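Remarks on the structure that follows.
The values are calculated or read from the model by the stated rules, or taken from the named source; none is laboratory data. Since this is a predicted model, take the numbers as computed values, not measurements. Methodologically, a virtual Cβ is constructed for each residue, glycine included, from the backbone with ideal geometry; neighbour enumeration extends over all protein chains shown.
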Amino acid sequence: MSHRSRLTLTALTLVAVGAFAPQAQASGFQLREQSPLSQGNAFAGISAGGGDISALFFNPAVMTQYDGWQFSMGGTYVGLDAKFQNASASRTATLQGLGFFSAPITGTSLNTISGPTNNGNAAISAVLPEFNIMYSVSKDLKLGLSLNVPFGLTTEYDANWIGRYHALKSDLKTIDIAPSLAYRVNDTFTFGVAFVARKADAELTNAVDYGTALALKVGGGLAAAGLSTVSPGPGQNSPVATVAMGLPNATFGTPGYAIPGGWDGKAGLKGSGWGYGWKAGVIFQPSSDFRIGLAYQAAMTMTLKGDASFEYPAAMPATDYAALTGAGLKNGKGQADLALPSTTSLGFDWKVSPTFALQGEVARTTWSSFKTLVVKFTDNAPPQTTESVTDENWNDTTFVSLGGTWKLNQAWTFRAGAAMDKSAVDDAHRTPRIPDNDRKWVSFGASYAFSKQTTFDFGYSRLFISDGKVMLTSGTTAADPNLTRGNLNGSIKANINLLGAALRYSF
């Protein structure tokens, strides 16, 4: 295949890649909010047993701390506020090398991307449900089942905002179904394991600058053919100038209007899939007053399969529409492989006095495994463009928390805690899809026991998120996923309020 054809097809296919990149929310898109009780002390010590059966999400070995039947059900409201501010955006410099920025088009600015530079709250708040049940086969053998939402985030931007080519809607939802088993070897050691079946659903969209895609197609073809790539002054009839103005051209036929920014459309993917994994943990309890928990949740790669869609302006010339759909940008099937990280956590619970306990937790999540996102178009693209790789380059993260629990009387128990959570994303890779950055937690909560069998728990956390810079730069080759999206700069201001409540019952 000629160089011209490879460049044309690859550049056009990359228009769609931005819509198919699930970005990640703890940090990345991981959600720690799986226990309203432990929300109160910022999840300190939860790997060692957080005070109720909901801790089995983090460490299945905690089940041996309870007898009989145990049941808990609740949810956490995640109120995320994220505003993109002071944005600026421009198209790839490749267009200037091809002569399009200097083309004689009156009143048209090809380099600058227009649109509101500030976007209001793009985050969508949600309630994360959690359900846990445990059955005691014997004093030392326990069986459990939990349902949780371990990963997810939804953001949605205005259709005309300046960063629309990078993100419009990003919606990722997951649910884990995890049967578990715990066995107490002796008074000191307990082991637990769980099998995890995970369902994921995603919807990802962004605007598409089809005009830039067409310009790159024509310009790339000119460069490959060895023709001039500099537009002449008004009245001169070079191939680039005539194509940019939408005039007929003897070399390329009648290509229509290959004007950057002239034809805005939309691309999206709706997909779903199942993944399977495991987690395991151990509890070490050298005395009745001190307990340590170590847990591991295995990494999982999920393949999300679904429908790719492309929306075009109704007034687009038929020749341009045919060129784009002929390069594979048409409705069909698509899939993306999503690499979810492993997490290792270590926690302790120390009963300092009959009424006060101190807890601590540290967790390490291997987001560095999320280096690339592989996207495939399974039935609508030529063979040489059926796969595209997007650079992610996330970093491993560490979560650290410290908290305390005060038992006031038989009915009331109070908790408080603080935590620090590192971001998985640096400034060079942060996108508007995910308002992620380093965060600090402040938490408090309480439990009220209606009886020995029934207790109500609630917890609140305020997460203070550092302002995040966005510095996305478009490359100059067809391998760069931002080639048709362009450059985007700005800052994201965000904060999170978490409010959880649960009811637990034992019998």
Among the residues of segment 363-373, are any buried (at least 17 other Cβ atoms within 10 Å of the Cβ), among the aliphatic types (A, V, I, L, M), under 15 Å from the mean Cα position of the chain (by Cα) and not in a helix (DSSP H, G or I)? yes
Return yes or no: is T319 in a helix (DSSP H, G or I), at pLDDT 80 or above and of a type in the set (S, T, Y)? no
List every residue pair whose Cβ atoms lie under 9 Å apart, where the two residues are 6 or more positions apart in sequence or sit on different chains, the first residue falls within segment 362-374 and is closer than 27 Å to A419 by Cβ, and the second residue, located anywhere, is among the basic types (K, R) and at pLDDT 75 or above. A363/R32
